Amino acid sequence: MLKLFCPNYYIHSYRALTASYLKEHGITMLLCDIDNTMVAHDEPLPDRDVHTFVESMKNAGIRIVFISNNVEERVQRFVSELDVAGYSFAMKPLPKTYRRIVKDFALSKQEVAVLGDQLLTDMLGANLMGFYTILSAPVVERDLSFTKFNRFFEAIIFRLLKLSGRLTKGEFDD
Ligand SMILES: [Mg+2]
């Protein structure tokens, strides 16, 4: 059960993730969360570092899609200048939107990695799908009100993961 919350790779920031690392793990498609993974939830647009990250992945042949539980307006505004697809109201951790992306892009689960900042949505949903999972520390401490609720349970899961020796918060792999 605890295993379903545990990432395969734990990094301090998306900036630490490289295309060569993904390729070594057979990944061709990266599904990225937006809020608090790429930018704070109240930052409407991608900043320069996000642009650089997306470009470097694309240039290396890794496809990128953004998938968010947030509303369509937020997601479409964020992806508009990045020239990538965005899936809003994803209802992570439910598999619904992940399944849709697998179908839309004709993917096999072995070639998909998910990057996100939350154990209860991003990691759980991706592990249920059998994707490669990458957890990043949140960009900022402030969260959406619904996320604050998730963070309460996330703190408990982090404690259990530490007790079981699987993962320690803040001890990154990068
Ligand atoms: Mg997030």
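Structure notes:
- Based on Cα contacts under 8 Å between residues 6+ apart, the range 2-163 shows a relative contact order of 32 percent.
- Using only alpha carbons, the range 77-162 has a radius of gyration to Kirkwood radius ratio (Rg to Rh) of 0.98.
- The Asp42 and Met91 beta-carbon pair, evaluated with R₀ = 25 Å, returns a calculated FRET efficiency of approximately 0.70.
- The phi-based Karplus calculation (6.51 cos²θ - 1.76 cosθ + 1.60; θ = phi - 60°) puts the 3J(HN,Hα) values of the range 87-99 at 10, 9, 6, 6, 6, 4, x, 5, x, 2, 6, 4, 4 Hz, whole numbers, x for Gly and Pro.
- Prolate/oblate/rounded call for the chain, Cα gyration tensor, a/c under 1.5 rounded: rounded
- For the chain, the Cβ-based charge dipole about the Cα centre amounts to some 700 debye (Lys, Arg positive; Asp, Glu negative; other atoms uncharged).
- Whole-number accessible area per residue in Å² for the chain, which is evaluated in the context of all protein chains at 1.4 Å: 50 Å²
- Between Phe105 and Asp83, the FRET efficiency estimated from the beta carbon spacing at R0 = 22 angstrom works out to 0.90.
- Contour minus Cα-Cα distance for Thr18 and Thr52 (0.36 nm per residue): 11.1 nm
- Rounded percent of accessible protein surface that carbon and sulfur make up, the chain, 1.4 Å probe: 55 percent
- Table column - 3J(HN,Hα) (Hz), the range 166-174, Karplus curve with 6.51, -1.76, 1.60, x for Gly and Pro: 7, 7, 10, 4, x, 9, 7, 7, 8
- Local electrostatic count, Gln118, Cβ distance below 15 Å [Lys/Arg +1, Asp/Glu -1]: -2
- Simple rule: put +1 on each Lys or Arg Cβ and -1 on each Asp or Glu Cβ in the range 2-163, find the dipole, and look at Pro46, Ile67, Pro7; the Cα lying farthest toward the positive end is Pro7.
- For the range 78-94 versus the range 1-77, the gap between their alpha-carbon centres in whole angstrom: 11 Å
The values are calculated or read from the model by the stated rules, or taken from the named source; none is laboratory data. Because the structure is a prediction, the values reported are computed rather than measured. Counting neighbours? That spans all protein chains shown, and the Cβs are built from the backbone with ideal geometry, glycine included. The protein model used for the area step is the full one, side chains on, heavy atoms only, and it has no ligands, DNA or RNA in it. Shrake-Rupley method; radii C 1.70, N 1.55, O 1.52, S 1.80 Å.
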